[in-house]
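Quick notes on the structure that follows.
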Amino acid sequence: MADPSSYRPKPGQIPDSPGVYKFRDEHRRVIYVGKAKSLRQRLASYFQDLSGLHPRTRTMVTTAASVEWTVVSTEVEALQLEYSWIKEYDPRFNVKYRDDKSYPYLAVTMNEEFPRVQVMRGQKKKGVRYFGPYGHAWAIRDTVDLLLRVFPVRTCSAGVFKNAARTGRPCLLGYIGKCSAPCVERVSPEEHRELAEEFCDFMAGRTGTYIRRLEARMTEAAEEMEYERAARLRDDIEALKKAMEKSAVVLADATDADLIALAEDELEAAVQIFHVRGGRVRGQRGWVTDKVEAVTTGDLVEHALQQLYGEETGDSVPKEVLVPALPELVEPVQEWLAERRGSNVSLRIPQRGDKKALMETVQRNALQALGLHKTKRASDLTTRSRALEEIAEALDLDSAPLRIECYDISHLQGDDVVASMVVFEDGLARKSEYRRFQIKGFEGQDDVRSMHEVITRRFRRYLAEKEKTGEWADGENGLTEEDGRPKRFAYPPQLVVVDGGQPQVAAAKRALDELGIDDIAVCGLAKRLEEVWVPGEDDPVVLPRTSEGLYLLQRVRDEAHRFAITYQRAKRARRFRASPLDDVPGLGETRKQALIKHFGSVKKLRSATIDQICEVPGIGRKTAEAITVALAQAAPAAPAVNTATGEIMEDEEYATDATDATDAESETTAGSAGEPVSAGSSDERRGQER
């Protein structure tokens, strides 16, 4: 490990101008390439106190053994040179988006005498028109099969074409009308090229004019009583419309844009791109990358643009690129894109309308891609085993933690404080063992105290079960209820993980010590830098960025957070929708809704007489009297205020929310007096799915 001060350039050596710099290791390998508007300011930021650097940047500068730079005249040149060097040297500390596969394109070989329609992958060739990329090759073949009825362009290989020309007999497509058979001179080269150009125009999005022309010809044929020709034209129109349906219309017909969305965590980022041409989504692609350098969302966008358009020219670069965040230096990137396209390119964040709605769809795809990537890693048995072994080694455990429990606290500014407990066994979620808690020992916001209470309650129950059954007692009823199900808190974990840093870890450890439990390991995962904290240590355990153990701890922590916040939101929603009618014994949701529908609001119901209440179907006199007493005893609640608009919301608001209240109540059933509720219940499962 090198000391950055050993290779730091002397003051005044670094020019104050745009340029590109390279860090090299002791073997002269390039490990990082970057660009800067001012080389002097940027490089100076790397040679500060190591404690002030981001952990990834710290690792890079201590791995490097030298730094060198190249001065350029403009920021655009710096962007171009940075991309060239990243492609040439493949530095290990640079973000690199890598395709997980080669995406297929629909290609038309306009550089041949008789253009051919085919599926192509790999490097693009000069003189070939490309459309896509598509997610699957079969999607291209389905589209082409529909279009060949209207545009019978050649699709055969060179060998088949030459053999048909030699024998004077076309292939099967020529006989069934899906090829114009230029091989046997049914059409001239000029006529066939015109067909290929019409095919390209249609694929490029100029569909409306062509369909209208076919409709006019169909009408003309019908008027002239040429019904067979009109029927063929009708079928052609239907085939074109079906092909258009495969690329749903999402934007205006003239829209040419690429939409880029990102989903990221501390270690990885997923990028998804939708290619919109002629107002239709023509293709989709995506990558997942390791975040090996300290980067912002804007930096990730800039790297994605370099990967996407670094080797593209002309129409392959769209008129408009929509992104979730702009790079730090927007103008050079925009100018670089314009140079590659040959005309202006708009780089912006969509703010409203259809483009913003489509961007949200792309964002959902990016989130799903990142989640799927992590799930695939977690589903592999070998990977899970390695993860558990790495955790055991990092925390100095006697054996791999086959059962891990993770706890998280959730609240909204101190209100509705709840906690979650999730269980992973053999590296997989065990949802039937999930539990949730209401904090009842105190009121207010204190995550450390809340964590102490939850750990105490959970393991006090464990000790009580152990006292009843004995330590892992054998026998028919050793660790089961009478119906054969496992007791709720009978199984101890080998590792307790808390969402937080030193204070939360210390609270959990103190709770276990007070109960006399000394055979369960404790650690915490702090979200900011993904540091693992253990009790009694001043410094965290830093697992490697590529560690499977760190991935598993992240998944456990994120699942505990999801489970806690789902419960907290449902509990808060139930409190917001509370009504004085909830205190009327025997009054169910159906009759509550009937009352609100009849009177319009709780305020009007409160002023109604017993006889008027009895007019509501299903409400008897005894129930009406109970309703009147309950409403009289309940003081009118202070009016709620919409914090966004400042508007005071009257009791009438309950009328519009009455239907939703039923679902909210069923999702927030939480047991008695804050006791944990099994995730195996039906109400709990509904809460998990939200």
Self-check item: Residues of the range 316-344 that turn out to be open to solvent by 10 Å² or more (accessible area, probe 1.4 Å) and either free of Cβ contacts under 8 Å to residues at least 40 places away in the same chain or over 19 Å from residue 278 (Cα atoms) (or both), as a count
Solution: 17
Quiz item: Exactly one of (1) out of contact with any Cys (no Cβ under 8 Å at 6 or more places or on another chain); (2) modelled with pLDDT of 80 or more; (3) among the β-branched types (Val, Ile, Thr); (4) surrounded by 20 or more Cβ atoms within 10 Å (Cβ to Cβ) is unmet by residue 167. Its number?
Solution: (4)
Quiz prompt | Residues of the range 403-437 satisfying the condition of being of a type in the set (Asp, Glu), over 21 Å from residue 571 (Cα atoms) and crowded, with 16+ Cβ neighbours inside 10 Å | solution = 405
Practice problem: Could you figure out which of (1) farther than 30 Å from residue 31 by Cβ; (2) in contact with a helix residue (DSSP H, G or I) (Cβ under 8 Å, 6 or more places away or on another chain); (3) modelled with pLDDT under 80; (4) not in a helix (DSSP H, G or I) isn't true of residue 106? | Solution: (3)
Exercise. Scan the range 498-513 residue by residue and report those that are in contact with a helix residue (DSSP H, G or I) (Cβ under 7 Å, 6 or more places away or on another chain) and farther than 20 Å from residue 267 by Cα.
Key: 503, 504, 507, 508, 510, 511, 512
Practice problem: Just name the residue that is farthest from the chain's Cα centre (by Cα) out of those in the range 230-239 that are open to solvent by less than 70 Å² (accessible area, probe 1.4 Å) and closer than 17 Å to residue 152 by Cβ. | Solution: 233
Quiz prompt | Condition broken by residue 302, with the remaining ones in (1) surrounded by fewer than 22 Cβ atoms within 10 Å (Cβ to Cβ); (2) assigned to a helix (DSSP H, G or I) satisfied | solution = (1)
Quiz prompt | Listing of strands (runs of 3 or more DSSP E) fully contained in the range 1-87 that carry 2 or more residues being touching a strand residue (DSSP E or B) at 6+ places or on another chain (Cβ under 9 Å) and of a type in the set (Ser, Thr, Tyr) | solution = 66-71
Practice problem: Output the qualifying pairs, or none if there are none: Cβ atoms under 7 angstrom, residues six or more apart or on different chains, first residue in the range 516-542 and over 20 Å from residue 408 (Cα atoms), second residue assigned to a strand (DSSP E or B) and open to solvent by 20 Å² or more (accessible area, probe 1.4 Å). | Solution: 542/531
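Here's the yes/no breakdown for (1) free of Cβ contacts under 8 Å to residues at least 60 places away in the same chain; (2) within 31 Å of the chain's Cα centre (by Cα):
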| residue | (1), (2) |
| --- | --- |
| 432 | no, yes |
| 436 | no, yes |
| 443 | yes, no |
| 447 | yes, yes |
| 456 | yes, no |
| 460 | yes, no |
| 463 | yes, no |
| 467 | yes, no |
Practice problem: Hand me the list of strands (runs of 3 or more DSSP E) wholly inside the range 316-419 holding 3 or more residues that are of a type in the set (A, V, I, L, M, F, W, C). | Solution: 403-412
Quiz item: Which residues, taken from the range 533-549, are more than 25 Å from the chain's Cα centre (by Cα) and crowded, with 18+ Cβ neighbours inside 10 Å?
Solution: 533, 534, 540
Exercise. Just name the residue that is surrounded by the most Cβ atoms within 10 Å (Cβ to Cβ) out of those in the range 33-52 that are in contact (Cβ under 8 Å) with a residue 40 or more places away in the chain and of a type outside the set (Val, Ile, Thr).
Key: 35
Quiz item: Filter the range 176-185 for residues that are open to solvent by 30 Å² or more (accessible area, probe 1.4 Å) and touching a Lys or Arg at 6+ places or on another chain (Cβ under 9 Å); which is farthest from residue 131 (Cα to Cα)?
Solution: 184
Quiz item: at pLDDT 80 or above, open to solvent by less than 50 Å² (accessible area, probe 1.4 Å) and in contact with a Phe, Trp or Tyr (Cβ under 8 Å, 6 or more places away or on another chain) - does that describe any residue in the range 619-631?
Solution: no
Quiz item: Which condition does residue 297 not pass, out of (1) touching a helix residue (DSSP H, G or I) at 6+ places or on another chain (Cβ under 7 Å); (2) under 16 Å from residue 347 (Cβ atoms); (3) surrounded by fewer than 17 Cβ atoms within 10 Å (Cβ to Cβ), if it passes all the others?
Solution: (1)
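Okay, residues lined up against (1) modelled with pLDDT of 80 or more; (2) surrounded by 14 or more Cβ atoms within 10 Å (Cβ to Cβ); (3) of a type in the set (S, T, N, Q); (4) part of a helix (DSSP H, G or I):
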position	(1), (2), (3), (4)
174	yes, yes, no, yes
187	yes, yes, no, no
197	yes, yes, no, yes
225	yes, no, no, no
228	yes, no, no, yes
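The values are calculated or read from the model by the stated rules, or taken from the named source; none is laboratory data. In this text the structure is predicted, and so the values were computed from the model without any measurement. Don't worry about glycine lacking a Cβ; one is built from the backbone with ideal geometry, like all the others, and counts go over all protein chains shown. We work out accessible area using only protein heavy atoms, side chains counted, and drop any ligands, DNA or RNA first. Shrake-Rupley method; radii C 1.70, N 1.55, O 1.52, S 1.80 Å.
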